[in-house]
Amino acid sequence: MQDLENLFRPRAIAIVGISSNPTTPRRDRFLTPLLDFGFEGQIYPINPKGGEISGLRILPSIKDIPGAVDYVIASIPAPFCPQLMRDCIAKGVKFVCSYASGFSETGEEEGIALEAELAQIAKSGGSRIIGPNCLGTYCPEGHISYRSEFPKESGPVGYLCQSGGNSIQLVQMVAPRGVRFSKVVSYGNACDLSECDFLQYLTHDPDTEIIALYIEGVKDGQRFINLLTEASKRKPVVLLKGGCSMAGAMAVSSHTGALAGNNAIWDALCKQLGIIRVHSLEELGDMLVTFLFMSPVRGRNMAIVGIGGGASVLATDDCESVGLAVPPLPLEIREELLKFTPKAGSSVRNPIDTQVILSEPNWFLDTVRIISSWKGIDLVIVLVGPIDVFPSYIGKQSMYGLMVKAMLEASIASAKPVAAVVQPGIHPEMYNDMFGAQQEFASAGFPVYPTMIRAAKAIDKFISYHQRKKLS
């Protein structure tokens, strides 16, 4: 566990296979992110041809590095990796990330044998391998990343991902919604360091409060179950299993060479351990948003405040379809709302379909305050669709901006948790407004979702998780 700290906060990094030729594709895939993140240690570009890149001298080999190296990123073809591994062992390198593909994921004997050789060299010499066929680590506090556009702020989510592409997609997908990560590991074929090693680390990592997993297969099933059991007792664990279908399982074998396992077994395991199982990256992102920004919800009774009768009806169906209830409001609550809500074109029964938000954001604040005061409601969901009416009313100020301000104030005044569904319009200006609203919500620590069905599914699993915790 202590050794892995050097992986996330290395003192010196070497990048092998870098090129000074500006026309070479991906010549500095790993160097630029390190520079952009302000890595504070030494960086050593390595290539036998030498040269210079980004003001750094390119050294001929690992052996020419003057000081100690904790972490080596190998961006070279697979056949050259075994010799590099030997050089790293001779240098005393602690960790080697092998970016190259062409190993066991090919299913070919040559690739399988090459990966086995790589693992054996590492085992005999004391160095550890991440991968091959992976991107390595992202740790904002350690100032290391494999993508320049990743957030530089740290957060409480630890993410283990067997796929490099899926690791990039999730981080980028949830960044505008306020999710930040403590550590992310893309570990590929896991010929040495595996999901088990990293899961054990994240379970005890004080910087990680929530664990997200994208798993295609595991190397040691019993150890993995034992570690999942321990992790789920300490922290929420959200798991996305890749390769559930027969075709998906075949894709897994050609992607990371992993054994996919039986879908029913994974489902039963998650239910037994109280692990939240999701079925897409989008659902995984929604769960992270919910756990980070939603306060505990007492029950399953929802109040929906929206614009448009049809949208409100569909929103009710979405909630009911996953086991969330949308009970009618009692007469005394409806009478309070009708004091300022026009009867024409509105409904105050739940869902509350009202146009008052468009003309008077303060009325919206009062609506949420009154609804949340009723004991029959556990959570308020605000449905905001594309706004394409009354543009002259708002002048130069975005209506989304007015509504965001009102919703944030309402969430503070509300006696119950409040979540927002912000649906984009197809007009570019409306889409930009929606994106800006989403970022404002995120900066205020507010749970926001792109569709009602995604919000309903995430909230349902969030409630179920906490109910199980109370019973355990």
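From the list SER154, SER167, the one residue that fits, being farther than 18 Å from ALA78 by Cα, crowded, with 24+ Cβ neighbours inside 10 Å and among the small types (Gly, Ala, Ser), is SER167. The condition of being of a type outside the set (S, T, N, Q), in contact (Cβ under 8 Å) with a residue 24 or more places away in the chain and in contact with an Asp or Glu (Cβ under 8 Å, 6 or more places away or on another chain) holds for only one of PRO45, PRO82, that being PRO82.
GLN172 meets each of the listed conditions (1) within 27 Å of the chain's Cα centre (by Cα); (2) modelled with pLDDT under 95 apart from (2). Of everything in segment 150-175, what is touching a residue at least 60 places away in the same chain (Cβ under 8 Å) and within 12 Å of TYR214 (Cβ to Cβ)? Give them in sequence order. Once the filter is applied, which keeps residues that are touching a residue at least 60 places away in the same chain (Cβ under 8 Å) and within 12 Å of TYR214 (Cβ to Cβ), segment 150-175 yields GLN162, SER163, ASN166, GLN169, LEU170.
Residues that are touching a Lys or Arg at 6+ places or on another chain (Cβ under 7 Å) and surrounded by 13 or more Cβ atoms within 10 Å (Cβ to Cβ) within segment 43-64 comprise just one, ILE62. Listed here are the helices (runs of 4 or more DSSP H) enclosed by segment 188-272 that have at least 3 residues being modelled with pLDDT of 95 or more and either surrounded by 15 or more Cβ atoms within 10 Å (Cβ to Cβ) or at negative phi (or both): 195-204, 221-234. So how many residues does segment 59-86 have that are part of a strand (DSSP E or B) and more than 32 Å from the chain's Cα centre (by Cα)? Going through segment 59-86 one residue at a time, the tally reaches 1.
The values are calculated or read from the model by the stated rules, or taken from the named source; none is laboratory data. Treat the numbers as computed from the prediction; the structure is a model and nothing was measured. All Cβ positions, even for glycine, are placed from backbone atoms using ideal geometry, and neighbour counts span all protein chains on display.
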